[in-house]
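J.: The structure is given below, and queries will be raised subsequently.
The values are calculated or read from the model by the stated rules, or taken from the named source; none is laboratory data. Every value quoted in this text rests on a predicted model; they were computed, and no experiment measured them. Ideal geometry is used to build each Cβ from the backbone, glycine not excepted, and the neighbour counts take in all protein chains shown.
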Amino acid sequence: MMKSVSVTVKEEVFALWPEKAIHWKRMNALLIADLHIGKINHFRKSGIPVPRKANDHNIEVLVDLIQKIKPLRVICLGDLFHSHYNSEWEVFGEITNHFKAVDFELVLGNHDIMSERQYERKGFRVFDELLLDKFIFTHHPLETVAHDHYNLAGHIHPGVTLRGKGRQSMTLPCFYFGSQQGLLPAFGAFTGLATIQPKKDDQVFVIAENAVMQM
């Protein structure tokens, strides 16, 4: 069974899950970013042979997390749906329909181009950015953050490159926490990675083999 690792940010405890999600314990909120639901279909229509089951996997992982953590709210930090409306949105909508006791909230990302009505009819509350206590939730990382606040964002799909004693190397998804800003890994499959360069006092937690490990 996959286990979480805890990190404290601004005196708040967050559990980092290998499924690429964060549980804000005091608020009982599940934080995810960059699901890109529908991206698999977008690839396939472009002739890229991506397996259809990747869509099902994203949804199954999210359902399992909600059942395991039992959050009061699910907050998506943008790019929930990859493109224009298609049947995958109706499939995903069954999640919000099933978990009626959970509040679903979306901070709009650059790929969230459907009308707000499509999100709202599936039970999502929609925001450009969301402020909760000391934390500002956005899709794109903010350029500046007030000293008494902390920005949590998506969009980047952060990864770190690990190198062995020889020339072998691999880049793995990670959670990143700087002094004023943190980045969530992309929840969805086939989203790619952007290598980050952490500073000395930054905290980085890499995801490998269904585990979260601090570097």
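J.: Among the numbered criteria (1) of a type in the set (A, V, I, L, M, F, W, C); (2) surrounded by fewer than 16 Cβ atoms within 10 Å (Cβ to Cβ); (3) closer than 29 Å to Asp112 by Cα; (4) in contact with a Gly (Cβ under 9 Å, 6 or more places away or on another chain), which one does Leu193 miss?
T.: (2)
J.: Hey, can you tell me all the residues within the range 93-128 that are within 15 Å of the chain's Cα centre (by Cα) and either exposed (fewer than 13 other Cβ atoms within 10 Å of the Cβ) or of a type in the set (D, E, K, R) (or both)? Can you show your working first?
T.: Just the residues of the range 93-128 that are within 15 Å of the chain's Cα centre (by Cα), to begin with: 104-112.
Those that are within 15 Å of the chain's Cα centre (by Cα) and either exposed (fewer than 13 other Cβ atoms within 10 Å of the Cβ) or of a type in the set (D, E, K, R) (or both): Glu105, Asn110, Asp112.
J.: Filter the range 151-176 for residues that are crowded, with 21+ Cβ neighbours inside 10 Å and of a type in the set (A, V, I, L, M, F, W, C) and give the result.
T.: Leu152, Ala153, Cys174, Phe175, listed by residue number.
J.: Would the range 92-105 turn up any residue that is under 12 Å from Gly78 (Cα atoms) and either touching a helix residue (DSSP H, G or I) at 6+ places or on another chain (Cβ under 8 Å) or aliphatic (A, V, I, L, M) (or both)?
T.: Residues of the range 92-105 under 12 Å from Gly78 (Cα atoms): 105.
The next check asks that each one be either touching a helix residue (DSSP H, G or I) at 6+ places or on another chain (Cβ under 8 Å) or aliphatic (A, V, I, L, M) (or both); those that pass are none.
Looking through the range 92-105, none of the residues is under 12 Å from Gly78 (Cα atoms) and either touching a helix residue (DSSP H, G or I) at 6+ places or on another chain (Cβ under 8 Å) or aliphatic (A, V, I, L, M) (or both).
J.: Report whether or not Arg163 is under 25 Å from Leu65 (Cα atoms) and of a type in the set (D, E, K, R). Walk me through it before giving the result.
T.: Values: under 25 Å from Leu65 (Cα atoms): no; of a type in the set (D, E, K, R): yes.
It is false that Arg163 is under 25 Å from Leu65 (Cα atoms) and of a type in the set (D, E, K, R).
J.: Restrict the check to the range 159-168 and report whether at least one residue is under 16 Å from Ala33 (Cβ atoms) and not small (Gly, Ala, Ser). Working first, answer last.
T.: Of all residues in the range 159-168, those under 16 Å from Ala33 (Cβ atoms) come to 159.
Among the residues that remain, those that are also not small (Gly, Ala, Ser) are: none.
The answer is no, given that none of the residues of the range 159-168 is under 16 Å from Ala33 (Cβ atoms) and not small (Gly, Ala, Ser).
J.: Next question. Out of the residues in the range 129-150 that are surrounded by 12 or more Cβ atoms within 10 Å (Cβ to Cβ) and among the β-branched types (Val, Ile, Thr), state the one that is farthest from Ala101 (Cα to Cα).
T.: My answer is Val145.
J.: Give the residue that is modelled with the lowest pLDDT, with candidates limited to residues of the range 15-60 that are over 18 Å from Leu72 (Cα atoms) and touching a His at 6+ places or on another chain (Cβ under 7 Å). I'd like the intermediate steps shown before the answer.
T.: At the first step, the residues of the range 15-60 found to be over 18 Å from Leu72 (Cα atoms) are 18-20, 34-60.
If we keep only those that are touching a His at 6+ places or on another chain (Cβ under 7 Å) as well, we get 34, 36-39, 42.
Values: Asp34: 93, His36: 84, Ile37: 81, Gly38: 66, Lys39: 55, His42: 51.
For the range 15-60, the residue satisfying everything is His42.
J.: Exactly one of (1) more than 17 Å from the chain's Cα centre (by Cα); (2) modelled with pLDDT of 95 or more is unmet by Arg167. Its number?
T.: Single failed check for Arg167: (2).
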